[in-house]
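Participant: One structure is given below, represented as structure tokens, and several questions about it will come after.
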Amino acid sequence: MEQPKYRRIVLKLSGEALAGQQKFGIDPDVVNSIAEQVKEISLLGVEVAIVVGAGNIWRGIAGSSKGMDRATADYMGMLATVINSMALLDALEKIGVDTRVLTAIEMREVAEPYIRRRAIRHLEKKRVVIFGAGTGNPYFSTDTAAALRAAEIEADVILMAKQVDGVYDSDPMKNPNAKKFYELGYIDVLNKGLGVMDSTATSLCMDNKIPIIVFNLNVRGNIKKVVMGENIGTYVGGELNGQRHN
């Protein structure tokens, strides 16, 4: 049987991805589909950690732009990520996947507190680990949380699940002539201001040599394809070989 390319991954999901077509809240069908795809790669022996955003419920930066205290707005966003984490936990457990939610803000009644060694131990036992509440600090995005956790657990790669099939030089939803990138260096992402991750998260990945693969979550089976090393999406890293192409 073909072996996965990556042993331990961080899957970064946006909150909007969980909302599906309804654009707000949580669509159970979408969450169940993601859970089934995660189970598929877990059965291959891949150690899976997940970081999920909260844009389907609350965006801290949107609240602060309308006069709310930024730190308060960000903490609200962190709490919203825990709601999404619990939805994923429920979907995974219902299909027989042993899962744990670890939160950067302590809330023992619903989740375990984040402890790095405990997280790694869960992964070694082939449990799916969901990291909730971001980094536990305001002013940091869930992209940065994904980069930080990936560094801490020594993940092989960050899989950025998006609504498009890679990184483009402009919004492909608005510009039909947008050019897709198949390989990018970290510096390219930073210099060109490409919307892969925010600059803090990208810099953290660059400093720790963690590659990022941006791919389309809406195509079922893509998570497995990326884990198996298939040439889809956009690869962001320090070592580029020019072999990724259309």
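We did not get these values from a lab; they are worked out from the coordinates using the rules stated. The shown structure was predicted, so the numbers you read here are calculated from the model rather than taken from an experiment. Here the Cβ positions follow ideal geometry from the backbone for every residue, glycine too, while neighbour counts run over all protein chains shown.
Participant: Under the rule of -39500 (n - 2.57) per DSSP H run of 4 or more residues, summed and divided by the residues of the chain, what mean residue ellipticity at 222 nm is obtained, to the nearest 500 deg cm²/dmol?
Facilitator: After summing the helix terms and dividing by the residues of the chain, the value is -11000 deg cm²/dmol.
Participant: Compute the relative contact order of the chain as a whole-number percentage, counting only Cα pairs closer than 8 Å that sit 6 or more residues apart in sequence.
Facilitator: Relative CO of the chain lands at 21 percent.
Participant: Looking at the range 113-246, I'd like the Rg to Rh ratio, where Rg is from alpha-carbon atoms and Rh is Kirkwood's inverse mean 1/r. Could the numbers behind the result be given before it?
Facilitator: Working: Rg = 15.3 Å, Rh = 15.7 Å.
On the Cα set of the range 113-246, Rg over Rh gives 0.97.
Participant: Here is the link list: 23/192; 23/66; 12/209. Which ones come out longer than 24 Å on Cα distance?
Facilitator: As for pairs spanning more than 24 Å Cα to Cα, those are 23/192.
Participant: Could you give the size of the charge dipole of the range 8-237 about its Cα centre, using +1 on the Cβ of each K and R and -1 on the Cβ of each D and E, expressed in debye and rounded to the nearest 20?
Facilitator: Using only the charged Cβ atoms, the result is roughly 140 debye.
Participant: Treat the count of other C-beta atoms within 10 Å as a stand-in for reagent exposure and order 215, 131, 24 from fewest to most.
Facilitator: Listed from fewest to most nearby Cβ atoms, that is 24, 215, 131.
Participant: Continuing with this model, one more query. Please report how many Lys pairs in the range 83-179 have alpha carbons closer than 24 angstrom, counting only residues at least 8 apart along the chain or sitting on separate chains. Mind dumping the intermediate values first?
Facilitator: Values: 94/125; 94/126; 162/174; 162/179.
Lysine pairs satisfying the spacing and distance rule in the range 83-179 number 4.
Participant: Under 13 Å between alpha carbons, and skipping anything fewer than 8 positions from residue 224 in its own chain: which aspartates and glutamates qualify?
Facilitator: 2, 36, 40, 47
Participant: Now for a separate question. In the chain, what % of DSSP beta bridges are antiparallel (nearest 5)?
Facilitator: If I count the DSSP bridges inside the chain, around 15 percent turn out antiparallel.
Participant: Give me the distance between the Cα centres of the range 174-195 and the range 53-124, rounded to whole Å.
Facilitator: Distance between centres, Cα-based: 29 Å.
Participant: I've got another one for you. Within the range 130-180, report the trypsin sites (Lys or Arg not before Pro) that DSSP leaves as loop and that have at most 12 other Cβ atoms within 10 Å.
Facilitator: Passing sites in the range 130-180 are 174, 179.
Participant: Please report, in cubic angstrom per residue, the volume enclosed by the convex hull of the alpha-carbon atoms of the range 8-237.
Facilitator: Given the Cα convex hull of the range 8-237, per-residue volume reads 121 Å³.
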